[in-house]
Amino acid sequence: MGSEDKCAKIDGRLAIVGFGTIASSALPAILQRLEIAPDSITILCTHSDDMAIAEEAGVRVVREPLTSLNHQVVLQRFGSSRERATKAPGMFLR
């Protein structure tokens, strides 16, 4: 599929929080229909049986729990330096 077949282009980063049935099913569609580099996508989860899907696609996987005490610090690590400088939230899917 060429870039002319893509629905949209994402220039920044994409973080997917959790990788259950829905996210693991959506990842192939995201990579097929959106113009985004796989290394611009980070999946944050504690455990998933479907991690092979993400790892085969070249997506970064971080196994770290999000809690009410750490979520801001953890999520800030996954924005670009430009996003951090402008305090833009980036794009997160949950």
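The values are calculated or read from the model by the stated rules, or taken from the named source; none is laboratory data. Model, not experiment: these values are computed from the prediction. Cβ coordinates were reconstructed from backbone atoms using ideal geometry, including for glycine residues, and neighbour counts include every protein chain displayed.
Can you find even one residue in segment 69-86 that is surrounded by 10 or more Cβ atoms within 10 Å (Cβ to Cβ), assigned to a strand (DSSP E or B), at pLDDT 85 or above and not small (Gly, Ala, Ser)?
For segment 69-86, residues surrounded by 10 or more Cβ atoms within 10 Å (Cβ to Cβ), assigned to a strand (DSSP E or B), at pLDDT 85 or above and not small (Gly, Ala, Ser): absent.
For segment 1-52, name all the residues that are farther than 27 Å from Thr67 by Cβ and among the hydroxyl-bearing types (Ser, Thr, Tyr).
Start the filter on segment 1-52 by keeping residues that are farther than 27 Å from Thr67 by Cβ, which leaves 1-11, 28-29, 31-38.
Ser3, the sole residue that qualifies.
Can you tell me which condition Val62 does not meet? The list is (1) outside any helix (DSSP H, G or I); (2) more than 11 Å from the chain's Cα centre (by Cα), and all the others hold.
With (1) outside any helix (DSSP H, G or I); (2) more than 11 Å from the chain's Cα centre (by Cα) applied to Val62, the lone miss is (2).
When only residues in segment 11-59 that are in a strand (DSSP E or B) and touching a residue at least 40 places away in the same chain (Cβ under 8 Å) count, which is surrounded by the fewest Cβ atoms within 10 Å (Cβ to Cβ)? Explain how you work it out, then say what you get.
Looking only at segment 11-59, we keep the residues that are in a strand (DSSP E or B), and these are 14-17, 34-35, 41-45.
Cutting the leftovers down to touching a residue at least 40 places away in the same chain (Cβ under 8 Å) gives us 14-17.
Numbers: Leu14: 19, Ala15: 21, Ile16: 23, Val17: 16.
Ranking the candidates gives Val17 first.
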